[in-house]
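Have a look at the structure below before the remarks.
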């Protein structure tokens with residue numbers, strides 16, 4: 001019979017592995033695709049993937065999502081550092097809940113991916129071009145997935161406040 005302590009340790013190790021694998025995979029795939037895009041496409045140039053609905057189009061964003069707050073690079077770098085600090089600060093609460101681990105991993109991967117662009121290039125390189133949506137990148141998609149998973153967690157937590165709330169009381 002497996003003890004509770006052994007189960008928690010296995011859960012801890014599995015969740016750490018998931019956190020690392022998901023976030024590092026997002027970062028590596030993002031870097032590879034951005035390298036390809038920057039080496040092979042000029043600014044504004046497109047490669048059709050699915051007709052005119054999905055294209056790879058090189059674009060650059062000096063602001064945030066949807067191009068808001070253009071030229072505020074240091075503000076976005078500061079926000080990214082804050083997100084990373086929050087993940088580190090709440091690590092002990094995050095690591096034992098699989099949904100929070102997945103949410104945090106996607107947020108971590110997306111945050112680091114876009115922050116690397118801001119630090120290395122002074123702007124974010126976008127390339128996923130849906131004809132009906134502003135151009136974005138894998139890091140943006142990862143952030144969106146992470147935030148959606150976090151909202152699901154909050155909804156679930158709201159439904160079961162007695163169990164989940166105890167973890168955050170010490171923070």
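Every number in this text was worked out from the coordinates using simple rules, so none of it is lab data. Please read these numbers as outputs of a predicted model, since none were measured by experiment. All Cβ positions, even for glycine, are placed from backbone atoms using ideal geometry, and neighbour counts span all protein chains on display.
Neighbour counting of Cβ atoms within 10 Å sorts the residues 88, 152, fewest neighbours leading, into 88, 152.
Per residue Cα convex hull volume for segment 4-168, in cubic angstrom?
Numbers: hull volume 21.8 nm³, N = 165.
Expressed per residue, the convex hull around the Cα atoms of segment 4-168 is 132 Å³.
This ranking places 150, 12 by how few other beta-carbon atoms lie within 10 Å of each, fewest first, which gives 12, 150.
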